[in-house]
Amino acid sequence: MEASSLLLPRLRPTPTAPPAPYQYHYHPRFHLHLSSVRSSPVARASSNSSQGTYRGAKPQRDWIGEWVSKNDGLVRILPISVGGVSLVAVLLNRAFSGIAPVADASSSQSRADILTLSLAVTDILAGLVWLSIRPKYISPVAPSGIECKWVKPGISIDVNRELLWFWESLSSATRCKSLVVVYGNDCLLQIGAAAESPEGDGGIVAVDVNKLTQGSLCRSCMQSSKHMNYFFIFKKNRKKKTNPTASCTSPDYSVINILALCCYLANLSLYPGRTELPFLPNNTQALILQPIGDKGVAIIGGDTIRGFTAADQAWISMVAEKLDGTVSKFAEAFCRS
């Protein structure tokens, strides 16, 4: 017992002192070697990879497409140059080869020259078509109006926050420069570029809700929202045998509800109904009338012709549905105010 008690303390691990910090002793050659290694691209690549950078396959560049886009004029005139050189070469070959200038159908050289001439003329005509047809680049137009931010007084904080979020989302993600939200018989929001008041006092043209709702644009938009069609896409589960006549609530089917798209006027200057919107700037290029439920409409003005894509229209429809869910909760408060 005494021997075991004497041996126990010796069997316990004794704490070891922490290792001494590494002391670097300067040496000219060794210091030069370390500096070259640290500055090498391999060392930099390994250090970057250790920090969690992307080391996968890099996207390939389309060198031909980039060169064509940078030399658009040269590419368009290239068929004319090739066709003209080919035409001159065939005529010179015909003149100095000692062959009769009259085409002979029995001569293989004549048949080859006729084929080459036709190809040369085709190249010249293709080049003329390329020069005559050029893509039209549409540039944004700055709205000629006054920046405004008017929110209907008396609305709740939630609705105010939702309306401002709606505007910030549209202005940052699309070509929206003007926004007017009308719900029921009230104008809830007028923000962005607005038309200047004809009095010249620096004010803006207010939205006349009664005149706006009686116009053809707003009425057609509201009628489309009332007669909204819901399209359902059924995706059948192939793992199970289901009855085609089963209800759409069956777990074997997934139902996707597609909301009604907005009324899109891609080039507002071509539509006579633009006179129904005097509160928008005169040079508004595009317009979207988006229904907000059955009682409201959002008027979105853009600064570019055809500036709203199909994806933008679908996204605006979904955001308007979200806005309707918030505003409809406080519709009674709007009527009382």
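What is the one condition in (1) closer than 14 Å to Pro79 by Cβ; (2) out of contact with any Gly (no Cβ under 6 Å at 6 or more places or on another chain) that Cys148 does not satisfy? Among (1) closer than 14 Å to Pro79 by Cβ; (2) out of contact with any Gly (no Cβ under 6 Å at 6 or more places or on another chain), Cys148 violates only (1). If you go through region 114-148 and keep only what is under 26 Å from the mean Cα position of the chain (by Cα), surrounded by fewer than 16 Cβ atoms within 10 Å (Cβ to Cβ) and not hydrophobic (A, V, I, L, M, F, W, C), you end up with Arg134, Pro135, Lys136, Tyr137, Ser139, Pro140, Ser144, Glu147. Give the residue that is nearest to Arg134 (Cα to Cα), with candidates limited to residues of region 39-98 that are β-branched (Val, Ile, Thr) and modelled with pLDDT under 80. Among them, the one singled out is Thr53. Here Leu217 fulfils each of the conditions (1) under 23 Å from Arg306 (Cβ atoms); (2) at pLDDT below 75 apart from (2). For region 143-164, what are the residues that are in contact (Cβ under 8 Å) with a residue 60 or more places away in the chain, part of a helix (DSSP H, G or I) and among the hydrophobic types (A, V, I, L, M, F, W, C)? Answer for region 143-164, where residues must be in contact (Cβ under 8 Å) with a residue 60 or more places away in the chain, part of a helix (DSSP H, G or I) and among the hydrophobic types (A, V, I, L, M, F, W, C): Val159, Leu163. Look at Gly145 and say whether it is in contact with a Pro (Cβ under 9 Å, 6 or more places away or on another chain), under 30 Å from Ala286 (Cα atoms) and not aliphatic (A, V, I, L, M). The answer is yes for Gly145. With respect to the conditions (1) at pLDDT below 90; (2) surrounded by 15 or more Cβ atoms within 10 Å (Cβ to Cβ); (3) of a type in the set (A, V, I, L, M, F, W, C); (4) not in a helix (DSSP H, G or I), Phe330 lacks only one, and its number is (4). The residues of region 165-184 that are of a type outside the set (Ser, Thr, Tyr) and in contact (Cβ under 8 Å) with a residue 40 or more places away in the chain, listed by number, are Phe166, Leu170, Ala173, Arg175, Cys176, Lys177, Leu179, Val180, Val181, Val182, Gly184. Consider Tyr183 carefully, then state whether it is outside the structural domain of Gly307 (by TED's automatic domain parsing), on the phi < 0 side of the Ramachandran plot and hydroxyl-bearing (Ser, Thr, Tyr). So Tyr183 does not fit the description; no.
The values are calculated or read from the model by the stated rules, or taken from the named source; none is laboratory data. On a predicted model such as this, the values are computed, not experimentally measured, just so you know. Methodologically, a virtual Cβ is constructed for each residue, glycine included, from the backbone with ideal geometry; neighbour enumeration extends over all protein chains shown.
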